[in-house]
Structure formats: structure tokens, C-alpha cells
């Protein structure tokens, strides 16, 4: 039985954080046993809004690879590869750009919102407007059947499948498979303040390399229930960041349910739930941090792993590129 | 002394015609002696408005290569290469898309006009809007210093040089040379009707494979001066298509000047000037047509020449790609 092919990855803008771990990295570690998983470090896509920060993008490649290895991604089970090392992705992107209209791209909700939130206005880089097409190239080049994405990114899978159907119609045969979004059950982790989600750009991220005192400070700063002044007062669980994190990380669901009931009824202090969460996060992050330190002592070896993964991915993506170009009759020689 | 590098070429939408010969092919035959000339058969660019006609694009590759060889392009002096065989062009395109805004592309006069004339409206393919960026990738990938273009295409060289300056500024060193437009002295040939220019899409093109009777019919159909009814009447030279063609093709400038004077004064019939032009065009096209027939008897050999040219171009363009990516710090492994 052929394992289903998964493509996922990360924009190379900086190291990953606890939000990535909860939202996707943990899942990937599990998926690599049952799926043919590819992780794409998207350094070209990072340039779509970081064109003047190529140094940051380059540094992020190593950081992200370290994060992958530290959380338990096994390069023998998962192909870790670098987007800029895969010319077929650019070739397919340039081909697909002809199959999608500018107005179709402008209608994608995330594109519209990101153009607004980044303040691009009319000065949106052409590469930014076209990144959904580049993403379709990534997905189809790996002939991925499953693509783990957040719920807000489902429209990006839709445009990928529009391109897939257009290619197959032009070719007169099913050259490319359609992709299916794999939307995680867990929502995104809130920031410690409870305002917005954990985000590197907002400065609210807890890195996977966080030291014990950083973790402790992060938990201490968490928003709970401002009306819950004394231990014996009833407290609010909804919107309480500590409980959101316990929901995300505490393996003992029964105990968490009991804690919530006690907190609601009154008689459970913030200190107690924060101590529980701190212990949990310390235990979660410690081995990740330690493995990360070990791997970071030999960056050349880490980049060599990425290089080898990129070579494997190069074969696969070039094969798809040839398949698509041949099926469409592009390239005469 | 290193010869200056020229890049030019043709969109792969169909065979070339007499208008191309007068406007550029003749020049290219001369330039290949003094310049390091590259001819790019732009099959990827042809898809920007022919995405659903890939068969036509593929057939055009052979037709154009035949035209090149027939007019005297020497594959030992000129590199004839195929755009879809050069992944570095797509890679540089995807990089450059991040350096240009959508509104900058929309402001390019030819893009604006072509969007209107093709009736794209808001449904313009993203690949069509971005083709100036792809063209900048073509030009810079060959590190071309001279680019022969029509006067209306000078803004496309301007945007190329904006990208060149942006790349060099980001790199902190002059990685890429700026390109200079080489604008031909001769304007474009009129259609036989005198309305508009010779154009394949308008159905007014005389192909380079035209048979003697096609050439004769083409010349017979030419618009002259509707007021010039009898031989002894004075006639108009301005707007007279036959004289436009004599200006373009008759090597005897003195004789043409005398003919114009006699035509203006009265006493020179349309029949006489058409016979002269017919003889000229027959003599011009006959050897081209004959060489074209010879080459077309072995299409595999012609495509092999293109394949070999594409390989040479692949080395050069990959070198530029590596140079630019390295200078910008893109691609860690």
C-alpha cells in the first residue's frame, strides 16, 4: 500500500514557536509514521513580503530545520527540503500563472486581508499577489493528496484544485491529483495576553528554544480572569488563557475537566493552575530545547540533511514538471 | 575583445513573416557576426495568452526555428534556444516578482493597451500581467547588454533596468548589467491594404515560405493612390504601400528616389512599380523559401539544433541564477 502523500512546511521568516508545535509540528511527528510526508522550507515564498530581508530568510532556514529535528521530525521518514533548491516549483508556477486571472487572486479572502493588514495598498508586490499560485505549484509538484492548513487557508486549496482541474482538462487526462485540506482540530494558541493569537511578528511567541525562566515568565504573564480576585471566588474558564493552554497540552483530559469545574465554582487559585501549566510546558519544551542545542552544535550537518532532502524532492518535483509539460505539449525538444 | 551580448527572440505563436524579416531578422543575420547573439523562442511567454492553445505553441517552435535557419541565422554564431528548457528563467522570474508591484505592472503602456485590445478586462491572466517580469528574467539571465525591441517596447527595458538596479542595491554590488534597447531604424511594414501593420493575427502577413504566386497576389493587392487613375496623372507617394515596401527592400536608393519623383509628376503607372517590387520580393524570398523547404525535410535535425542551443543557454542562465541567488543570500544549501 502506497502511503498518502502530504505536503506541508513553513515560510522561512524565523524560528518556529509553541503555537506551531501545538498547531502542526506535533501532528507532523505523528503523521510521518503513516504518511509520505514532505516538509518544504519556503524561502522563496518568504521573499514575497521579505524581499529586502534575505539575510533573515537565509538564517531562518537553519532555525526551522533545527526546530523540525528538535521536535522529532525524522529525516529518514520525512523529506525536509528547501523551496529555492527546486526549480520545478518555479517552472510550474510560471505555467500556472497563465491559468489564473488577477481578479481571481484578488478575491481570495486571505490575500485581500493580508494586503490590507500589511498596508500594501496598490503597492502589493506581484509576487505576493501570486503566492497562491506558487503554493499550488508546491502542492501539485509533490502530487500531494493531503495538505494540513488552518481553516482560513482552505480557499488556497480551492484555487490549487481549480488549477489542477484546468491542467487535467487541457491535458485531456488526469495528470494531477486534487488535494484535500487537512484542517487541524485544535485552533491556534492565544497570546499570553489573551489578545490575538501567538505570533512572532506581534512579539507574543514562545520559541521552542525557550529557557526554563522564559517559560515561567510566559506562564506568569498569562491572562486569566480579572474578576477572580480571591481563591474562593468563582472564576471564568472561557477566555482564560491558562485553560486554553491546558486544553492544548494537558494529556489528562479528566483532570482538566475537574479543574475547570473547581475554578468555576470557586476555590481554585490562578497560582495552582499556572503551576500545573508551567510544569507541563517545562516538561514539553525541555527535551525539544536540549535536542535543539545538540543539533545546533553542528549546523553544517543539519544543512546537509536539508540538502539531501532537497535532492530527493528535486527528483520528485522534476518528474511532475515533466509530466505536466509533456501532457500539455509544452517544450518541443 | 568580448563581443557585446544580445538577447532577442520571438513568441512561439506561429511562423514568422516578411514584417519580421524587415523589422528584425535581417538585422540579426548581420549582428551575429559582431555580437554574442542569443535567440530565445519564447514558448512559455506565448502561453500567457495562448494557455489553451499549447498545440499551436509547440508547432510554432519548429516553424520559427525553420524561419531562423532559412533567413541565414547560423547556429554556430547564434545561440537558438527554447524558453521552456531554461528553468533558471522561471526561477529568476519568481524572485523578481517580489521586486515589482502590481500597480507598476499595470502602468506599463503596452500592458495596458494589450489588456484592452485583447478584451481581458479584469479577467487578465496573472501570467499576462507579469510577462514584463518574465522578460526581465530572460534579459538578465543572459546578462544581455543590448535588446533589439520596437520603440513601443522601450518601457519593458525600463522595468528590466529597475529590477537590475533593485537586485544590485539589495546585493550591494553590481551583479547584473543594465540593458539597452536597440531600436531599429525601420518602422513596421504596412499591411497590403495600407490599413494597419503587417500582422499574422490580422491575417495580413506574407509568410517567409510564400510561393511565387502568393507573393505576386500580395503585391497586386497593394494599396497605391486611388486618385492615380491614368499613368500620366500625378500620383501620391505618401501612404502608397508599394513605395513603403520599395523603401524597405530596394537596395537602389537612387533609383527609388527617381521613381518617386516620376510617380509624383505623372507618367509612372502602378503596374511598373508593382512589377519592380514583385521582382524584388521574389528574389528576396526565393532562397529563403528554398532553404526552408530543405531544412523542413529533417525536422528532427532542426529540433536537435534547438536542443543543443538550449543546452548552451542552460549553462549561461543557470550561472546567472546562481550568481543572483548567492548575491542576495537566497538558498542556504
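The values are calculated or read from the model by the stated rules, or taken from the named source; none is laboratory data. Quick caveat: nothing in here was measured; it's all calculated off a predicted structure. Note that we place each Cβ from the backbone using ideal geometry, even for glycine, and neighbour counts take in every protein chain shown.
Only one residue in B:185, B:162 is surrounded by fewer than 19 Cβ atoms within 10 Å (Cβ to Cβ) and either within 14 Å of chain A (Cβ to nearest Cβ) or more than 22 Å from the chain's Cα centre (by Cα) (or both). Which one?
B:162
Please go through the stretch A:166-179 and give me each residue that is surrounded by 14 or more Cβ atoms within 10 Å (Cβ to Cβ) and either within 14 Å of chain B (Cβ to nearest Cβ) or under 20 Å from the mean Cα position of the chain (by Cα) (or both), ordered by number.
Selection gives A:166, A:167, A:168, A:170, A:171, A:175, A:179.
Mind checking which pairs have a first residue in the stretch A:259-279 that is within 11 Å of residue A:228 (Cα to Cα) and a second that is in a helix (DSSP H, G or I), Cβ under 8 Å, 6 or more apart or different chains?
Short answer, once both residue conditions are applied: A:263/A:243; A:263/A:273; A:268/A:259; A:268/A:262; A:270/A:242.
If a residue has to be in a helix (DSSP H, G or I) and more than 26 Å from residue B:127 (Cα to Cα) to count, how many in the stretch A:135-150 make the cut?
0
Sort through B:132, B:75 and tell me the only one that's more than 7 Å from every other protein chain (Cβ to nearest Cβ) and part of a helix (DSSP H, G or I).
B:132
Count, please, the residues in the stretch A:97-125 that happen to be closer than 19 Å to residue B:121 by Cβ and either away from chain B (no Cβ under 13 Å) or buried (at least 21 other Cβ atoms within 10 Å of the Cβ) (or both).
The qualifying residues number 6.
Within the stretch A:31-51, work out how many residues are out of contact with any strand residue (DSSP E or B) (no Cβ under 8 Å at 6 or more places or on another chain) and within 9 Å of chain B (Cβ to nearest Cβ).
Result for the stretch A:31-51: 3.
What are the residues in the stretch A:319-332 that are at negative phi and facing chain B (nearest Cβ under 9 Å), if any?
A:321, A:325, A:328, A:330, A:332
The rows are residues; the columns are (1) closer than 26 Å to residue B:88 by Cα; (2) assigned to a loop (DSSP other than H, G, I, E, B); (3) at pLDDT below 95.
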{"site": "B:6", "(1), (2), (3)": "yes, no, no"}
{"site": "B:14", "(1), (2), (3)": "yes, yes, yes"}
{"site": "B:22", "(1), (2), (3)": "no, no, yes"}
{"site": "B:29", "(1), (2), (3)": "no, no, no"}
{"site": "B:38", "(1), (2), (3)": "yes, no, no"}
{"site": "B:41", "(1), (2), (3)": "yes, no, no"}
{"site": "B:44", "(1), (2), (3)": "yes, no, yes"}
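Would you confirm, using the coordinates I've provided, whether residue B:238 is in a loop (DSSP other than H, G, I, E, B) and within 29 Å of the chain's Cα centre (by Cα)?
Spelling it out, residue B:238 is indeed in a loop (DSSP other than H, G, I, E, B) and within 29 Å of the chain's Cα centre (by Cα).
Can you confirm whether residue A:270 is farther than 15 Å from residue A:65 by Cβ and either within 14 Å of chain B (Cβ to nearest Cβ) or crowded, with 16+ Cβ neighbours inside 10 Å (or both)?
Yes; evaluated as a whole, the condition is true for this residue.
Looking only at the stretch A:86-129, count how many residues are touching a helix residue (DSSP H, G or I) at 6+ places or on another chain (Cβ under 6 Å), within 19 Å of residue B:101 (Cβ to Cβ) and touching a residue at least 60 places away in the same chain (Cβ under 8 Å).
3
Could you grab me the full set of residues in the stretch B:31-61 that are under 23 Å from residue B:296 (Cβ atoms) and either surrounded by fewer than 21 Cβ atoms within 10 Å (Cβ to Cβ) or without any contact (Cβ under 8 Å) to a residue 40 or more places away in the chain (or both)?
Across the stretch B:31-61, the qualifying residues are B:46, B:50, B:53, B:54, B:55, B:56, B:58, B:59.
When you go through (1) in a helix (DSSP H, G or I); (2) modelled with pLDDT of 90 or more; (3) more than 7 Å from every other protein chain (Cβ to nearest Cβ) one by one for residue A:61, which number turns out not to apply?
(3)
Looking only at residues that are within 23 Å of residue B:321 (Cα to Cα) and not in a helix (DSSP H, G or I) in the stretch B:91-129, which one is farthest from the chain's Cα centre (by Cα)?
B:101
Have a look at A:306, A:219, A:293, A:302 and point out the one that is away from chain B (no Cβ under 14 Å) and crowded, with 19+ Cβ neighbours inside 10 Å.
Checking each option against the conditions leaves just A:219.
Criterion first (in contact with a helix residue (DSSP H, G or I) (Cβ under 6 Å, 6 or more places away or on another chain) and at pLDDT below 95) does residue A:79 satisfy it?
No.
For the stretch B:5-16, give me the residue count where each residue is closer than 22 Å to residue B:303 by Cβ and over 10 Å from the mean Cα position of the chain (by Cα).
5
Kindly establish whether residue A:10 is buried (at least 21 other Cβ atoms within 10 Å of the Cβ) and over 18 Å from residue A:313 (Cα atoms).
So residue A:10 does not fit the description; no.
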